[in-house]
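Engineer: For reference, the structure I am asking about is given below.
Read-outs throughout are calculated quantities, based only on the coordinates presented, and are distinct from any laboratory measurement. Model, not experiment: these values are computed from the prediction. Virtual Cβ from ideal backbone geometry, glycine too; neighbours counted across all protein chains shown.
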């Protein structure tokens, strides 16, 4: 009896110490992290470098450029689509619903300092998470499933796929999808006539993509200037960056459903948007009826030079020819109007401001080192939303630590889903003649 009693006491003490250790980890994250988030925090910018691949893939810029040049010639829609894809990738933040599981699972590995836990568990920034595809079945699981991202053109995804395949053939396992997307976006800006700025590299690819974190992290067609300023500030970007990066709408097209309310029922008034030029209104109504129209009709953001990356976008806003309400609002708001007017008069100034904005946007909380990976294919999805829920630890009374380790290992098991790329739609391009 004495031996059995001693054994039970030792077992109880061991379990108590184990439970205390996990509880401390969980409490540390939940308490320390939540208190930290009460203070306004500017997103962290990690140091990237122009020559990051100097030893491992020295010609990576040229390899990507060879693909983008061919795509720009054969599929001009790839340009604006890839720039937009990069923007959507960088702006979305993703974190687990509860950091307790992530922290407790990592405690034994990294002796969890809060900074290390955050790097392991907070997924956001330019990390190629937008490229991750879900399993089949129609569930809304990853970023690409969300309505805000469903009209991202397949040409953009194809461009990254092609560039990744070429780079892998020359430098296997060295260059991330996130860096390839950043380089491709830069190439298309330059090919369309815009600035040829250097792209700093060193981003890692994310292991997670969650649909639930898209809304509220990307601008919408009817976002107000207040909403835009708050959104950009949350990413560490200034109002000047907002106006400069909006200039990406100097090329590209938008579907009718993104602006049809401006044509017939602006903000529920039953009338068209009073800030839209009457000639533009008439031209758009001819191709975008109030109802029953073709969902594949698209109109140019820049009605003057839709295929040229220039500063005409800002002149259009002054002339009341902005396509989206969120674009035209930049000229109507007194905080952003002077910036619109300044860039509209200075093409070189716009190019400099745009290049600087792209560099800042492209370096927000990028993943480095062990916080990410070099993805072999863009369609890996190693997390699903249910994997990030915190289970009832008490259910694993036999041993909490192995259970948590099992949960982590399960979540990090990569499964490849060789999904076909989205089918191409036959788009109808509207020629706006003013």
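Engineer: Compute the projected area of the convex hull of the Cα atoms of segment 247-352, averaged over all viewing directions, and report it in nm² to one decimal place.
Structural biologist: Projected over every direction and averaged, the Cα hull of segment 247-352 covers 6.6 nm².
Engineer: Hey, with R₀ at 25 Å, roughly what FRET efficiency would residue 197 and residue 74 work out to, going by the Cβ-Cβ distance, to 0.05?
Structural biologist: The formula returns an efficiency of 0.55 here.
Engineer: Take the Cα atoms of segment 229-272, build their convex hull, and give its volume per residue in Å³. Don't jump to the answer; show the numbers that get you there.
Structural biologist: Working: hull volume 4.8 nm³, N = 44.
Each residue corresponds to 110 Å³ of Cα convex hull volume.
Engineer: Return one quarter of the surface area of the convex hull spanned by the alpha-carbon atoms of segment 152-250, equal to its mean projected area, in nm².
Structural biologist: Approximately 8.0 nm², given one-decimal rounding.
Engineer: Where the centre of each part is set by its Cα atoms, how far does segment 284-307 sit from segment 196-266, in angstrom?
Structural biologist: 20 Å
Engineer: At a 10 angstrom cut-off on C-beta neighbours, averaged per residue, how do the peptides 257-267, 53-63 rank from highest to lowest?
Structural biologist: 257-267, 53-63
Engineer: So, one more: Going by how many other beta carbons lie within 10 Å of each one, how would you line up 84, 203, fewest first? Could the numbers behind the result be given before it?
Structural biologist: Values: 84 20, 203 27.
Listing 84, 203 from fewest to most nearby Cβ atoms yields 84, 203.
Engineer: Give me 242, 231, 343 sorted ascending by neighbouring Cβ count inside 10 Å, so fewest comes first.
Structural biologist: Arranged by neighbour count, lowest to highest, 242, 231, 343 become 231, 242, 343.
Engineer: Take the alpha carbon atoms of segment 181-312, find their radius of gyration, then divide it by 2.2 N^0.38 Å using N residues; give the quotient. Walk me through the numbers before you get to the answer.
Structural biologist: On the way: Rg = 17.4 Å, N = 132, 2.2 N^0.38 = 14.1 Å.
Cα-based Rg divided by the globular estimate yields 1.24.
Engineer: Quick one: order 249, 190, 311 by neighbouring beta-carbon count within 10 Å, fewest to most.
Structural biologist: So the residues, fewest neighbours to most, are 190, 311, 249.
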